[in-house]
Structures are given as structure tokens and as C-alpha cells.
1. If I ask for residues that are in contact with a helix residue (DSSP H, G or I) (Cβ under 8 Å, 6 or more places away or on another chain) and of a type in the set (Ser, Thr, Tyr), which ones from the range 76-112 would you list?
2. Identify, please: which residue in the range 96-115 is touching a Gly at 6+ places or on another chain (Cβ under 9 Å) and under 16 Å from Val39 (Cβ atoms) and is, among those, modelled with the lowest pLDDT?
3. Across the range 48-94, what is the total count of residues that are at pLDDT below 90, in contact with a Pro (Cβ under 6 Å, 6 or more places away or on another chain) and of a type in the set (D, E, K, R)?
4. Going through the range 84-98 one residue at a time, which ones are of a type outside the set (Val, Ile, Thr) and touching a Ser or Thr at 6+ places or on another chain (Cβ under 6 Å)?
5. Is it the case that Ala7 is out of contact with any helix residue (DSSP H, G or I) (no Cβ under 7 Å at 6 or more places or on another chain), at pLDDT below 90 and not in a strand (DSSP E or B)?
6. Is it the case that the range 51-73 has a residue that's without any contact (Cβ under 8 Å) to a residue 40 or more places away in the chain, among the small types (Gly, Ala, Ser) and either in contact with a helix residue (DSSP H, G or I) (Cβ under 8 Å, 6 or more places away or on another chain) or under 21 Å from Tyr101 (Cβ atoms) (or both)?
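The values are calculated or read from the model by the stated rules, or taken from the named source; none is laboratory data. For clarity, every value in this text was computed on a predicted model and none was experimentally measured. Note: ideal-geometry Cβ built from the backbone for every residue, glycine included; neighbour counts use all protein chains shown.
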Amino acid sequence: MKAIFAALTLIMAAPAALANPVITAGKTACDFDDIEEFVAWFGGSATNQQSASLNPLDAAFMEMEAKDGPVLIETPHDHDELGWPILPDLAAVKMGHKLTYTEVDAETVTLQTTGGMGVDITYTFQRQPCWTLIKLEDRTRT
């Protein structure tokens, strides 16, 4: 299979040093009520992301070479099949992308990142009881 979530490499160019150590130091996914603070922690390291993601994770990506044109393919992926981190530090993302949080219901929030080069990635987080990444959709057309 071609590189899953190739678009993520487009937004991961900024250094990891942009992570906020005040927010991330010594915390776990259960330490956050506010989704934006949780996502800042989540984006701080691959370890945080793996610990706060379903395994397997429902992940979808664009198959650009499908017979009838581009199509979104959704399949569960074990953690060892994914390239971590799957969400770069938010300070890096904010440099060239728009972030949109949408409350789906009282316990579920999506974060959509859109920007240059056609990047369009949606992360779905849910309280279970801690914030957990339950789905990743990469609709980037590259």
C-alpha cells in the first residue's frame, strides 16, 4: 500500500520544539476537560497519540488511482501500521493551515485541518471517559 496519510508529511515540517512543555509535562489524556488543551497535549508526542488512540484505529484515506476516480477508503489500522505521529504539534499546523473544531455531540468533537497543497484531514475525538482519537480521515488529494 502506498504511504498512508502522505499529506501529514506536508504539515510536519516545523520542529517539535514548538510543543508547549507547560501543557504537556506529566499529563495523561484523562487530565483534560477542554478539547483544545487535550489536542495540544495529543500533538506533543507520538507516545501521547498512541496512548490516546483506539487500537485498531478507524482510518480513511483517498485512493487516487481507483478505477472510477478518487475514493475514500476506510479500514481499521493497528497502531503498528500507522506512521506516528499522526498529528503534528499544533503550533506547526497553525503556521499554514486552518483548524476547525466542531462539536458533534456532548462527548464527540472533530478537528479538521485544511490548508495548502490540498491538505484536508479530520480527527474525531470522543470521551471514553478520557479523550480518545477514534477516527482519522485524510481526504487530501495529492
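1. First, pick out the residues of the range 76-112 that are in contact with a helix residue (DSSP H, G or I) (Cβ under 8 Å, 6 or more places away or on another chain): 79, 83-93, 96-97, 99, 101, 109, 111.
Scanning the range 76-112 gives a single hit, Tyr101.
2. Of all residues in the range 96-115, those touching a Gly at 6+ places or on another chain (Cβ under 9 Å) come to 96-98, 115.
Still in the list and also under 16 Å from Val39 (Cβ atoms): 97-98.
Numbers: His97: 84, Lys98: 87.
Across the range 96-115, the extreme among qualifying residues is His97.
3. The qualifying residues number 0.
4. Filtering the range 84-98 for residues of a type outside the set (Val, Ile, Thr) gives 84-85, 87-92, 94-98.
Of everything in the range 84-98, those that are of a type outside the set (Val, Ile, Thr) and touching a Ser or Thr at 6+ places or on another chain (Cβ under 6 Å) turn out to be His97, Lys98.
5. Values: out of contact with any helix residue (DSSP H, G or I) (no Cβ under 7 Å at 6 or more places or on another chain): yes; at pLDDT below 90: yes; not in a strand (DSSP E or B): yes.
Judged against the criteria, Ala7 is a match.
6. Within the range 51-73, the first condition is being without any contact (Cβ under 8 Å) to a residue 40 or more places away in the chain, and the residues that meet it are 51, 55-56, 63, 65-69, 71, 73.
Next, from what is left, pick out any that are among the small types (Gly, Ala, Ser): 51, 66, 69.
Within this subset, residues satisfying the condition of being either in contact with a helix residue (DSSP H, G or I) (Cβ under 8 Å, 6 or more places away or on another chain) or under 21 Å from Tyr101 (Cβ atoms) (or both) are 51.
Within the range 51-73, one or more residues are without any contact (Cβ under 8 Å) to a residue 40 or more places away in the chain, among the small types (Gly, Ala, Ser) and either in contact with a helix residue (DSSP H, G or I) (Cβ under 8 Å, 6 or more places away or on another chain) or under 21 Å from Tyr101 (Cβ atoms) (or both).
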